[in-house]
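Just below is one structure, and these are the notes that go with it.
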Amino acid sequence: MNILYFIDIVGTMVFAISGALAGRDKKLDLFGIAAVGFITAIGGGTVRDVLLGSTPVGWMNDLIYLIMIGSGVIISMFFNRAVLKLRRTFFMFDTVGIAVFTVLGLQKALTLGVHPAIAIMMGMVSAVFGGVIRDIVCNEIPLIFRQEIYALTCIAGGIVYVSLDSFGIGQVLNVAITSVFIVLFRVLAVKYQWKLPDFS
Amino acid sequence: MNILYFIDIVGTMVFAISGALAGRDKKLDLFGIAAVGFITAIGGGTVRDVLLGSTPVGWMNDLIYLIMIGSGVIISMFFNRAVLKLRRTFFMFDTVGIAVFTVLGLQKALTLGVHPAIAIMMGMVSAVFGGVIRDIVCNEIPLIFRQEIYALTCIAGGIVYVSLDSFGIGQVLNVAITSVFIVLFRVLAVKYQWKLPDFS
Amino acid sequence: MNILYFIDIVGTMVFAISGALAGRDKKLDLFGIAAVGFITAIGGGTVRDVLLGSTPVGWMNDLIYLIMIGSGVIISMFFNRAVLKLRRTFFMFDTVGIAVFTVLGLQKALTLGVHPAIAIMMGMVSAVFGGVIRDIVCNEIPLIFRQEIYALTCIAGGIVYVSLDSFGIGQVLNVAITSVFIVLFRVLAVKYQWKLPDFS
C-alpha cells in the first residue's frame, strides 16, 4: 500500500523535526539535536518491535528512514522563531503521522499474532513512545502523561480498526476510515480542548 | 503452581497501584496515571524478557495482566490521603509481590539456560525494575539507588534459591522457603533500618 | 583476537568505574553505585544487542563481564578527590575503550547482516549508550548530547572501518588502524577543543 508507506516516511521526518526542535530548546549541540530527532522518530516503532521480538527493528531494514530523519534534522536547522509560530501545518503533518503510525503499528502486531487488545496498545506505543523517550532524554516528565489526549486518540483509533476488522471490512477501506477517524478525533480534541478528568 | 500465579497477578495489581499513586503525586492526568501504573507493573518482567530474548514479552500472552493493572489503576483513584496512611497492608502485599516476582523471574531465566549468577540478577530485575522505570519516567533518581535495601533482598533471595536448588531440594519447597526468606529479610530490614554503607 | 577481548573487558571495567563515580557524585548508596556502574558498563552493548535481536544479550554469555564490573565498582570505592584529579590515565583508558567498543559493536552488527550504515550506528551506540543511560538514570540530560564530540568520533571511526573493509583490507589490520584513528581523533578533539556548531 504505497500511500501508507509514503505517509509513514513523511511522518518519520515530521517526528524527527519535532525531536530536533526539542533538542534546540534544550540548547544541545548538533549531535545532540540529531540524536533527539532520531530517537523521537524511531522510538515508538523500536519499542514496539523490541517488545514483540521483531528484530532487527524495522528502521534497520530500509535506509529511507535514516535519510528522512537526516533531512528532518537539517530542515529543523532552518526553522527560526518566526517560522515556529506557523505551527498549524506542522500540527496537521503530526496528526496524520500519528494516525498512520498507529495503523501500521497495529497491523504489524496483529501480523505477529498477539491478542487484538495488545495490538491496540502496540499501535498506540508506535505513535507516542518516540515522544515519551524524547521527553525522558530531555529530562522532562513526558508531555503525554500530563495534558494531551494524544495517546487516547490512538487507542480509540485502534479500537475502531479492530472492530471494523471483526466485521470483515477490507483492509484498505479500514485503514482509510481509521486514519480519518484519528485525524478528526485529534483535531476536535485540540479545538475543543477535550481533557481527561484530573484525579491528582 | 496455582498459588504462585495467583500471587503474581495480585502482585502485578499492587505494583500498578504503587505506580498510579506515584503518577497522582506528580499531578499527571488520568492517562498518565494509568501509563505509570502500567509501566511500574510490567517494567521489571519486560526488561528481563527483552534482555533474555523471550518475546513477545510475558504479559502479552495472558490478558489477565492487563485486567489486573486496569483494576489497580481504578482502585488507586479511590485512595485518599487518609487511606494512604494505612500503608502497612500495602507494604505486606508489596513485599510478598517482590518475593514472588523474584522467584518467578529467576526460574524463567534458568529455564532459558543462562548462568545461575545471571538468573539471580534477572530475578532481581523482575522485582525492582518496574520501580526504576517509574522513577525515571517521573523524573526522579530511582529510589532503590538511594536508600532501600530492596534490591539486595532480591539478590539474597536468589542466592538462597540457587543454593537450595543445587542441593537438590524440590522446586515447590524451594519456592516456599525462598519466598518466606525474602519476606522476612525485607520486614527485618525495614524494622531495624538496615542500610548499606554510604561511600558518597 | 585475544588483544581485542582483553581491551574489551578492561574497557568494561573502566566504564563501570566511570558509572560508579557518577553514582557517588549523586550520593547513591552502595547498591545504587554498583547499579549505575553496571548500567554504564553494559548499557551500550545491551541496547545494540536488543535492537539487533541478538539475545540473550552479550554479557550474559561470559561471567568475566560481571567480574570486571564488580572489580570496577570496588576500585571506585578507593578513589578519593585527590585521585580524581589524576584524570589523564583514566581518560586514555576510556578512549581506548570506546575505540574497541566501537569496532567490536560494528563487527557484531555486520555479522548479523545489517547494512553498513546501520552497523556504523550500532558501533557508536555500543560505545556511547552506556553513558547516555547513566546520565538518564542520574537525572541529567545526557552529556554527549551537549558538549562532547565523543559520539562523532565513533561514527568517524566506523566510516573508516567500513571504507577500508570495502577496499579488501584484512580484519586484523583494519581493527588496528580504526582503533588508532579513533584514539587520535579523540585526543586531538579534546586537546584542540573541537566543537560542533551550536544551532540552539
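Determine ³J(HN,Hα), in whole Hz, for all residues of segment B:43-60 in sequence, where each value follows from phi through the Karplus function 6.51 cos²θ - 1.76 cosθ + 1.60 and θ = phi - 60°; x replaces Gly and Pro.
x, x, x, 5, 4, 4, 5, 5, 5, 7, x, 9, 10, x, 4, x, 5, 6
Once Lys and Arg get +1 and Asp and Glu get -1 on their Cβ, which of C:23, C:98, C:36 lies farthest toward the positive end of the dipole of the protein assembly as shown?
Farthest towards the positive end: C:23.
Calculate the FRET efficiency for residue C:79 and residue B:117 from the Cβ-Cβ distance with a Förster distance of 22 Å, rounded to the nearest 0.05. Provide the component values of the computation, followed by the final result.
Values: r = 26 Å, r/R0 = 1.19.
Between residue C:79 and residue B:117 the formula returns 0.25.
Give me the distance in nm between label points sitting 7 Å out from Cα along the Cα-to-Cβ direction at residue C:177 and residue A:61, one decimal.
3.4
Could you list the trypsin sites (Lys or Arg not before Pro) in segment C:169-198 that lie in coil according to DSSP, counting only those with at most 10 other Cβ atoms within 10 Å of their Cβ? Write down the numbers at each step before the final one.
Numbers: sites: C:186, C:191, C:195; in loops: C:195.
Passing sites in segment C:169-198 do not exist.
What does the helix-only formula give at 222 nm for chain A: each DSSP H stretch with n ≥ 4 adding -39500 (n - 2.57), the total divided by the residues, and the result rounded to the nearest 500 deg cm²/dmol? Display every interim value, and only then the final one.
Details: 8 runs with 151 residues, N = 200.
Calculated at 222 nm, the ellipticity per residue is -26000 deg cm²/dmol.
Return B:179, C:71, B:54 ranked ascending by Cβ neighbour count within 10 Å, so the fewest neighbours appear first. Walk me through the intermediate numbers first.
Working: B:179 23, C:71 15, B:54 18.
Sorted ascending by nearby Cβ count, the order is C:71, B:54, B:179.
Under the convention of a label 7 Å out along Cα→Cβ, give the distances in nm from residue A:79 to the same position in every other copy, shortest first.
Label point to label point, same position, other copies: 3.7, 3.7 nm.
Of C:164, A:152, B:173, A:106, how do they rank once you tally other Cβ atoms within 10 Å and put the fewest first? Display every interim value, and only then the final one.
On the way: C:164 18, A:152 21, B:173 10, A:106 29.
Result, fewest neighbours first: B:173, C:164, A:152, A:106.
Filter A:195/B:26; C:108/C:195; A:26/A:195; A:27/C:108; B:108/C:26; B:27/B:191 down to the pairs with a C-alpha to C-alpha distance above 23 Å, please. Before the final figure, lay out each step's value.
Values: A:195/B:26 17 Å; C:108/C:195 30 Å; A:26/A:195 28 Å; A:27/C:108 34 Å; B:108/C:26 34 Å; B:27/B:191 31 Å.
From the list (A:195/B:26; C:108/C:195; A:26/A:195; A:27/C:108; B:108/C:26; B:27/B:191), the Cα-Cα distance tops 23 Å for C:108/C:195; A:26/A:195; A:27/C:108; B:108/C:26; B:27/B:191.
With chain B treated as a Gaussian network of Cα nodes joined by springs under 10 Å, which of B:135, B:94, B:62 yields the largest mean-square fluctuation?
The residue with the greatest mean-square fluctuation here is B:62.
Give, rounded to the nearest 20 debye, the magnitude of the charge dipole that the protein assembly as shown has about its Cα centre when Lys and Arg contribute +1 at Cβ and Asp and Glu contribute -1 at Cβ. Intermediate values should be presented prior to the final figure.
Values: 42 positive and 33 negative charges, 322 e Å.
Once rounded to the nearest 20, the dipole reads 1540 debye.
Is the shape of segment C:2-191 best called rounded, prolate or oblate, per the rule: a/c under 1.5 gives rounded, else a/b larger than b/c gives prolate, else oblate, with a ≥ b ≥ c the square roots of the Cα gyration tensor eigenvalues? Could the numbers behind the result be given before it?
On the way: a/c = 1.78, a/b = 1.48, b/c = 1.20.
Note, shape of segment C:2-191 comes out prolate.
Assume the label is 7 Å from Cα along Cα to beta carbon: what separations in nm does residue C:92 have to the matching positions in the other copies?
Spelled out, the distances from residue C:92's label point are 6.1, 6.1 nm.
What gaps in nm, shortest first, separate residue B:171 from its twins in the other copies when you place the label 7 Å past Cα toward the beta carbon?
4.0, 4.0
Readers should treat all values here as calculations from the given coordinates under stated rules, not as data from a laboratory. Bear in mind the structure is a predicted one, so any value in this text is a computation, not a measurement. Backbone-built Cβ (ideal geometry, glycine too); neighbour counts: all protein chains shown.
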